[in-house]
């Protein structure tokens, strides 16, 4: 028979399970703050009391560079008098291999970001509808419904949608701890894997973002090797989302999984995949340029066929090919963008440090991981949400609560800093100072730094030394960030 | 190690539709550089009107960086899956214009997708669970095997049509397909048609429209109409172009929530590279779910901006639509008349970028078979140098029909293609005649021999009797 007739307004009954099960995850708090912003958005002139958007991880610091390039290179656009002769061939081009010059430019760009330490083959570049499309397509290729991917937590919330929604694949978080800067440890990974397997789950792989969203940190070489060794031994896939690879603004330098593959003897390249996009590094999320880069030939072939569901507009392929082939522009951009990110990051963490708010020592990304545990009356997620509502509605800053990233410990928030003008950043900092000062005046007690064993570690106020290198205040309890994949303490 | 999807071939790309494409790319025709190459007549692209668009671009000289008109920063950052309002508004108006104002569209009911490919897949994800079925009239667009089934797990059950009534959909064929799905244990979630039809090039009649509406209403299932060729209707059939959008305002609330359209600019505007598709539906739950799903394939903001500008230019749109129809009509008439001259009929059509061609007369056996069709297709590719689409790849239930595209080449290439078909058809007929002559001669010889034998026998018998 057809669909059962539903009485009344049960329109949901005529849709599929996927359409109605809510696994897209958009009912989470991550989007509630976004909605609060949309209803009352800050504008320096028109709405100076509005909500400032600090929940959107966007790179808005280098638009001037890309805009200048576009104005100086009208031939890269098929709309201009200089470029219109390309219109026919471009408008007609729907080959899912993509424009060869596009793939070559992307491969060169990815190689350049890694300073040539790994070389990318343009024949392995597969297009996708942004990193969102890349992630989903790759999961369709690697796993069947009910299979699972492990992910270190806290993690990018939209993985719940991208990995799980239409694929039917599960996502199993591995809870990381503040006591070692939320870095994934080998025992934690092993334990999560064994637990899943013992409960009958077919674990197909591990997915992680490196540099990390929301932490703003990078994995070091040793840790990457250990992860790759583990996944290779267990014969599961390793998917590295390297979407923030060019946002690394201070040491340690970025190490991509592509650089360590040859150092791991048991590494099976058929199990290693990278997803990428220009949305963060280049600040072009609207252009929907996503990439799947797999070392598995079958995956490349099938993902390419699947890319029919989300090809990059040929108009955009042409523009990107031209832009990223301009080596002078690329050099300038890759130097200037991290410099501006570093300056903006410093502005925020310094100001927050001055009012006693600590952040995880980060060296990458468009955000920092802020510690507000001392603002919670109790260390619970209810308290975290209560504090978050105060921040959104009273302080009028849309930051993202740690719980929306699956953070296992309450009191942490991701704060984006790169999506606003300098003036707006000043307003945001002014509001934070006012908020903290008001709390002190109201007599609310803050827990002191170091007064509680749980708080003794890494999340101290940061400072920049005379060489403008980000360092932490010295503390005997500080875990070295150079070997984050450490053995967990008992 | 990998998913089952990788080992299945329900991406459908082993079919002759895609294989022919591959053959063409190895040896593509070029009037000067490769005059003996394969002419691509298997790809339904519209290259007849691109000069009009280039002319508009030259007059406007857009860069995407004009202050006050567009802010580059905003464009580069724009990733809202609701789409650029100006673009959706222009699209809604455009869709109304290509239907000559007989129906109007509300921009709030549009969901932007990465081409019609993505739109159709999203509709399957939203309307059906794995193992459910959609009914599709045959012949149908070969890409549906990938778009509707591959990642969704949805099944296609054919609604068989026949040349005896010009491949029209009937209530009995709908019912038969529905029953067939039931015997296979599948839940039917809806019917999907292309209107104008690919590969037939016809629009649905009023009778077909009524039968379809009655059927989906009685079964309480969905109706999806992929109207990607709506702007290619070059002749009014007696009923005119009846868009399924008419049913959106039918007054039956429940039914109007189950009627959905798919559209794209790839065919009407000749821009398949820009990946502009959409779903149109009255059903707010569907629009909401589909909008979220569109995250996996949004339309580039740069492209939305360009096309918002173009489609908002009413006088350009008006002249483009008229001129495009005229050129399609003329090119189609050229091909049909040349085929007619060599005794190859086409299904009478009023739309599309192709004709549905009856090549049963060129099959190599006394009775038509799919084996014969495949052999003919292979000869067409390798001997004649034409990539056409065999009816079997469109799941046609009768062998010998081919879809031949006419709008993706210039007139010179069309003339070369028609000459090649003429030579081929003549040579087959010549062989048949020669074979017929040989056969005829053998038959006469046998007949003569048999008379002699009988006569001899008669004399022998009579001599026996006499003796």
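Highlighted here are the strands (runs of 3 or more DSSP E) found entirely within the stretch A:138-219 that include at least 2 residues which are closer than 18 Å to residue A:244 by Cβ and more than 12 Å from chain B (Cβ to nearest Cβ): A:148-153, A:203-209.
Yes/no matrix, rows are residues, columns are (1) under 24 Å from the mean Cα position of the chain (by Cα); (2) closer than 30 Å to residue B:256 by Cβ; (3) assigned to a helix (DSSP H, G or I); (4) modelled with pLDDT under 95:
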{"site": "B:291", "(1), (2), (3), (4)": "no, yes, yes, no"}
{"site": "B:295", "(1), (2), (3), (4)": "no, yes, yes, no"}
{"site": "B:316", "(1), (2), (3), (4)": "no, no, yes, no"}
{"site": "B:321", "(1), (2), (3), (4)": "yes, yes, yes, no"}
{"site": "B:329", "(1), (2), (3), (4)": "yes, no, yes, no"}
{"site": "B:339", "(1), (2), (3), (4)": "yes, no, yes, no"}
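Tally up the residues in the stretch A:178-211 that are over 19 Å from residue A:138 (Cα atoms) and crowded, with 23+ Cβ neighbours inside 10 Å, please. Of the residues in that region, 4 qualify.
For residues that are assigned to a helix (DSSP H, G or I) and surrounded by fewer than 23 Cβ atoms within 10 Å (Cβ to Cβ), scanning just the stretch B:278-288, find the one that is farthest from the other protein chains (Cβ to nearest Cβ).
As a first pass, look at the stretch B:278-288 and keep what is assigned to a helix (DSSP H, G or I): B:284-288.
Keeping just the survivors that are surrounded by fewer than 23 Cβ atoms within 10 Å (Cβ to Cβ) gives B:284-285, B:287-288.
On the way: B:284: 7, B:285: 5, B:287: 11, B:288: 9 Å.
So the residue we want is B:287.
Any residue at all in the stretch A:193-205 that's over 14 Å from residue A:276 (Cα atoms) and within 22 Å of the chain's Cα centre (by Cα)? Yes, the conditions are met somewhere in the stretch A:193-205.
Residues checked against (1) touching a helix residue (DSSP H, G or I) at 6+ places or on another chain (Cβ under 8 Å); (2) under 30 Å from residue A:133 (Cα atoms):
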| position | (1), (2) |
| --- | --- |
| B:239 | yes, no |
| B:255 | yes, no |
| B:275 | yes, yes |
| B:286 | yes, yes |
| B:290 | yes, yes |
| B:310 | yes, yes |
| B:325 | yes, no |
| B:340 | no, no |
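Would you say residue A:224 is part of a helix (DSSP H, G or I), buried (at least 18 other Cβ atoms within 10 Å of the Cβ) and touching a residue at least 24 places away in the same chain (Cβ under 8 Å)?
Working: part of a helix (DSSP H, G or I): yes; buried (at least 18 other Cβ atoms within 10 Å of the Cβ): yes; touching a residue at least 24 places away in the same chain (Cβ under 8 Å): yes.
The answer is yes for residue A:224.
Checking every residue in the stretch B:129-138 against the condition of being buried (at least 24 other Cβ atoms within 10 Å of the Cβ) and free of Cβ contacts under 8 Å to residues at least 40 places away in the same chain gives zero matches.
Looking across the stretch B:54-72 at every residue that is facing another protein chain (nearest Cβ under 7 Å) and at pLDDT 85 or above, the one that is surrounded by the fewest Cβ atoms within 10 Å (Cβ to Cβ) is identified as B:58. Residue A:342 meets the conditions (1) under 18 Å from the mean Cα position of the chain (by Cα); (2) assigned to a loop (DSSP other than H, G, I, E, B) in every case but one. The failed one is (2).
Taking residue A:109 as the residue in question, decide whether it is in contact (Cβ under 8 Å) with a residue 12 or more places away in the chain and either at the interface with chain B (Cβ under 9 Å from one of its Cβ atoms) or under 30 Å from residue B:50 (Cα atoms) (or both). Step through it out loud before you land on a result.
Numbers: in contact (Cβ under 8 Å) with a residue 12 or more places away in the chain: yes; either at the interface with chain B (Cβ under 9 Å from one of its Cβ atoms) or under 30 Å from residue B:50 (Cα atoms) (or both): no.
Against the criterion (in contact (Cβ under 8 Å) with a residue 12 or more places away in the chain and either at the interface with chain B (Cβ under 9 Å from one of its Cβ atoms) or under 30 Å from residue B:50 (Cα atoms) (or both)), residue A:109 does not qualify.
All of B:186, B:124 fail the test of being closer than 27 Å to residue B:277 by Cα, assigned by TED's automatic domain parsing to the domain that holds residue B:89 and free of Cβ contacts under 8 Å to residues at least 60 places away in the same chain, apart from B:124.
Going by what's in this entry, would residue B:333 be described as touching a helix residue (DSSP H, G or I) at 6+ places or on another chain (Cβ under 8 Å) and farther than 22 Å from residue B:228 by Cβ? Lay out the reasoning, then the answer.
Values: touching a helix residue (DSSP H, G or I) at 6+ places or on another chain (Cβ under 8 Å): no; farther than 22 Å from residue B:228 by Cβ: yes.
No.
Can you name every residue in the stretch B:193-211 that is within 17 Å of residue B:170 (Cβ to Cβ) and either in a strand (DSSP E or B) or within 14 Å of another protein chain (Cβ to nearest Cβ) (or both)? Give the derivation first.
In the first step, residues of the stretch B:193-211 are kept if they are within 17 Å of residue B:170 (Cβ to Cβ); the result is B:193, B:195, B:197, B:200, B:202-211.
The one that is within 17 Å of residue B:170 (Cβ to Cβ) and either in a strand (DSSP E or B) or within 14 Å of another protein chain (Cβ to nearest Cβ) (or both): B:193.
Each residue in the stretch A:282-302 was checked for being crowded, with 24+ Cβ neighbours inside 10 Å and more than 9 Å from every other protein chain (Cβ to nearest Cβ), and 5 pass. Take residue A:246 and tell me if it is more than 14 Å from chain B (Cβ to nearest Cβ), modelled with pLDDT of 95 or more and assigned to a helix (DSSP H, G or I). Against the criterion (more than 14 Å from chain B (Cβ to nearest Cβ), modelled with pLDDT of 95 or more and assigned to a helix (DSSP H, G or I)), residue A:246 qualifies.
Scanning the stretch B:75-108 for residues that are more than 14 Å from every other protein chain (Cβ to nearest Cβ), within 20 Å of residue B:123 (Cα to Cα) and surrounded by 17 or more Cβ atoms within 10 Å (Cβ to Cβ) gives B:88, B:91, B:92, B:95, B:105, B:107.
Here is a check on your reading of the model: is residue A:127 in contact (Cβ under 8 Å) with a residue 12 or more places away in the chain, within 14 Å of chain B (Cβ to nearest Cβ) and assigned to a strand (DSSP E or B)? Can you show your working first?
Numbers: in contact (Cβ under 8 Å) with a residue 12 or more places away in the chain: yes; within 14 Å of chain B (Cβ to nearest Cβ): yes; assigned to a strand (DSSP E or B): yes.
Answer is yes for this residue.
Does residue A:427 satisfy the criteria of being modelled with pLDDT under 95, farther than 29 Å from residue A:174 by Cβ and assigned to a helix (DSSP H, G or I)?
Values: modelled with pLDDT under 95: no; farther than 29 Å from residue A:174 by Cβ: yes; assigned to a helix (DSSP H, G or I): yes.
Judged against the criteria, residue A:427 is not a match.
The single condition among (1) surrounded by 22 or more Cβ atoms within 10 Å (Cβ to Cβ); (2) more than 10 Å from chain A (Cβ to nearest Cβ) that residue B:275 does not meet is (2).
Checked against (1) within 14 Å of chain A (Cβ to nearest Cβ); (2) touching a strand residue (DSSP E or B) at 6+ places or on another chain (Cβ under 9 Å); (3) outside any strand (DSSP E or B), residue B:260 passes all but a single condition, namely (3).
I need the full set of residues from the stretch B:289-315 which are without any contact (Cβ under 8 Å) to a residue 40 or more places away in the chain and either at the interface with another protein chain (Cβ under 7 Å from one of its Cβ atoms) or in contact with a strand residue (DSSP E or B) (Cβ under 9 Å, 6 or more places away or on another chain) (or both), in order please. B:300, B:303 - these are the residues of the stretch B:289-315 that are without any contact (Cβ under 8 Å) to a residue 40 or more places away in the chain and either at the interface with another protein chain (Cβ under 7 Å from one of its Cβ atoms) or in contact with a strand residue (DSSP E or B) (Cβ under 9 Å, 6 or more places away or on another chain) (or both). Residue selection: residue B:245 fails the criterion of being over 26 Å from the mean Cα position of the chain (by Cα), closer than 24 Å to residue B:87 by Cβ and buried (at least 19 other Cβ atoms within 10 Å of the Cβ).
The values are calculated or read from the model by the stated rules, or taken from the named source; none is laboratory data. Quick caveat: nothing in here was measured; it's all calculated off a predicted structure. When we count neighbours, we look across all protein chains shown, and the Cβ atoms used for this are built from the backbone with ideal geometry, even at glycine.
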